[in-house]
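The values are calculated or read from the model by the stated rules, or taken from the named source; none is laboratory data. None of these values were measured; they are calculated from a predicted model. Note: ideal-geometry Cβ built from the backbone for every residue, glycine included; neighbour counts use all protein chains shown.
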Amino acid sequence: MVPQSLEGCQIPTVPDSSRPMAGVGRDVPVPIKHRLVSHLTVAFVAICLIACVHVEHPLASWGNLSPATPSDDCVSFPATYSNKGNKTDDSSVFLATWLHPRNAPTRGIDKDLLDAQTVSLEFDGALLTVKTNGPMGAFHQWSFDKSKREFTCRNGVLRISQGGDKSGQNVAAVGSDAIDLYRTQSELIVNSHGGSAGIALIMPMAEYGSAWARFPVQASSSSPTEPAQ
């Protein structure tokens, strides 16, 4: 997912005017100015939580995403797909970067994730393995474990869970992200969505986003009605 940033959504802190200052009695009323600032802060928080949301929807021209025969085995997904696809605004996006585990480092392979020509999905028991192929040895693979609830198959939709710790420099945050995959006759439709909440430079932060993209099925791949061999 790929959620949008929270620039412009930082929440200012306000001194706690309800606490008495040294040498001042507890019955001293809170200045109207401070109470007004507190009310404005609450209003700003509410506006921020609404404004820090970016949600896309699949285009009608992409067709019906509901599986013709919903099942919980996801036999239609093992195939090879183009790494380069398009979002709803027709901008380019790369499947390998969307499927790479969020908590895994990309240093040293980030260029390969962009340069890969194809991305293959394979099932082996409880493992879903993702393989990238491209020029100059741009081959990498990683797996998601169903027994660890890293992915599920439900009603013909393959969901990969990508939540967890999103902390970084000057940021402490947790999130709950997921990637839903839908298979059509000629394309893999991907919806990356989720949210996070935490503290950035002592400022509360929250965000939610949902983005869609589609990636062509390679001609040599098996049809979506064929089970994996």
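Of all the criteria given as (1) in contact with a Pro (Cβ under 7 Å, 6 or more places away or on another chain); (2) at pLDDT 95 or above; (3) not aromatic (Phe, Trp, Tyr), the one not satisfied by Val217 is (1). The residues in the range 90-119 that are among the small types (Gly, Ala, Ser) and more than 20 Å from the chain's Cα centre (by Cα) can be counted, and the count is 2. Whenever a residue of the range 90-113 is within 16 Å of Gly134 (Cβ to Cβ) and hydroxyl-bearing (Ser, Thr, Tyr), its partners that are at pLDDT 95 or above and outside any loop (DSSP other than H, G, I, E, B), lying with C-beta atoms within less than 7 angstrom and at least six residues away or across chains, give the pairs Ser92/Lys84; Ser92/Asn86. Of the residues making up the range 104-122, those that are outside any helix (DSSP H, G or I) and not hydrophobic (A, V, I, L, M, F, W, C) are Pro105, Thr106, Arg107, Gly108, Gln117, Thr118, Ser120, Glu122.
Among residues belonging to the range 31-72 that are within 23 Å of the chain's Cα centre (by Cα) and of a type in the set (D, E, K, R), point out the one that is modelled with the lowest pLDDT. Of everything passing the filter in the range 31-72, Glu56 is modelled with the lowest pLDDT. The set of residues in the range 180-214 being of a type in the set (Val, Ile, Thr) and modelled with pLDDT of 95 or more consists of Ile189, Val190.
Remark: Gly163 matches the filter, which requires a residue to be at pLDDT 60 or above, closer than 19 Å to Val130 by Cα and surrounded by fewer than 16 Cβ atoms within 10 Å (Cβ to Cβ).
Of the numbered criteria (1) at pLDDT below 95; (2) over 21 Å from Phe215 (Cα atoms), the one Gly156 fails is (2).
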